[in-house]
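Let me begin by presenting the structure, written as structure tokens, before commenting on it.
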Amino acid sequence: MISYVTLGVSDLAAAKKFYSELFADEGAKVLLDGERISFIGKSMAAPMLAVCTPFNQEPASAGNGTMVAFAQKGKAEVDAMYNKAIALGASCDGAPGERIPNAFYGAYVKDADGNKLCFNHFMM
């Protein structure tokens, strides 16, 4: 159902590098590269992440309460993605852990523009 999710960024080149490296182990790469927007994913036919400089030419800003969640196969994968994001320059916004007992395990980071990301695993 989802085609792509867009995150506004202030430095397109840096954002492409961050997200391409973050998801490289999952086979993701820049699939379509435009002047102010780039689409990162495994295939143009699968859900993608787009990073772009805002169309209105105003500064990029993260939405309050807005978050993009990326499903992982298990707790170890959540931990690994969290650690990788931190190593690539993201900041912690919630260390890995069970948020809903026996149901939801997640970790939260913010990228350089303050966009909130979640790496999660539903244990049900």
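Values quoted throughout were computed directly from the atomic coordinates according to the rules given, and no laboratory measurement underlies them. Fair warning: this is a prediction, and the values are worked out from it, not measured in the lab. As a convention, Cβ positions derive from the backbone with ideal geometry for all residues, glycine included, and neighbour counts pool all protein chains shown.
Most tightly packed first, judged by the mean number of other beta-carbon atoms within 10 Å of their residues, the peptides 86-93, 110-117 read 110-117, 86-93. The charge dipole of the chain, taken about its Cα centre with unit charges on the Cβ of Lys, Arg, Asp and Glu (plus for the first two, minus for the last two), comes to roughly 200 debye.
Spin-label pair ASN102-ASP11: with each label point 7 Å from Cα along the Cα-Cβ axis, the two points sit 4.6 nm from one another. One chain, two ends: ASP93 and ALA112. Fully extended at 0.36 nm per residue, the span grows by 5.6 nm beyond their Cα-Cα distance.
Highest mean packing comes first when the peptides 59-66, 40-47, 10-17 are listed by Cβ atoms within 10 Å, giving 10-17, 40-47, 59-66.
Spin-label model, MET67 to MET44: label points 7 Å out along the Cα-to-beta-carbon direction sit 3.3 nm apart. Normalising by residue count, region 1-54 has a Cα convex hull of 66 Å³ per residue. Considering only alpha-carbon pairs that sit under 8 angstrom and 6 or more positions apart, the relative contact order computed for region 39-116 is 27 percent.
The calculated P(r) of region 66-124, using every Cα pair and 5 Å bins from 0, goes 5, 23, 32, 25, 12, 4, 1 in percent.
Where does helix 75-87 land angle-wise versus the long Cα axis of the chain, in degrees 0 to 90, nearest 10? Roughly 40 degrees, rounded to the nearest 10. According to the calculation over all Cα-Cα pairs in the chain, the P(r) per 5 Å bin from zero is 2, 11, 21, 24, 21, 13, 5, 2, 0 %. Only helices enter the 222 nm calculation for the chain: every DSSP H run of n ≥ 4 contributes -39,500 (n - 2.57), and dividing by all residues gives -6000 deg cm²/dmol, rounded to 500. Can you tell me the 0 to 90 degree angle between the C-alpha axis of helix 12-22 and the longest principal axis of the chain, rounded to 10? It is inclined by approximately 30 degrees.
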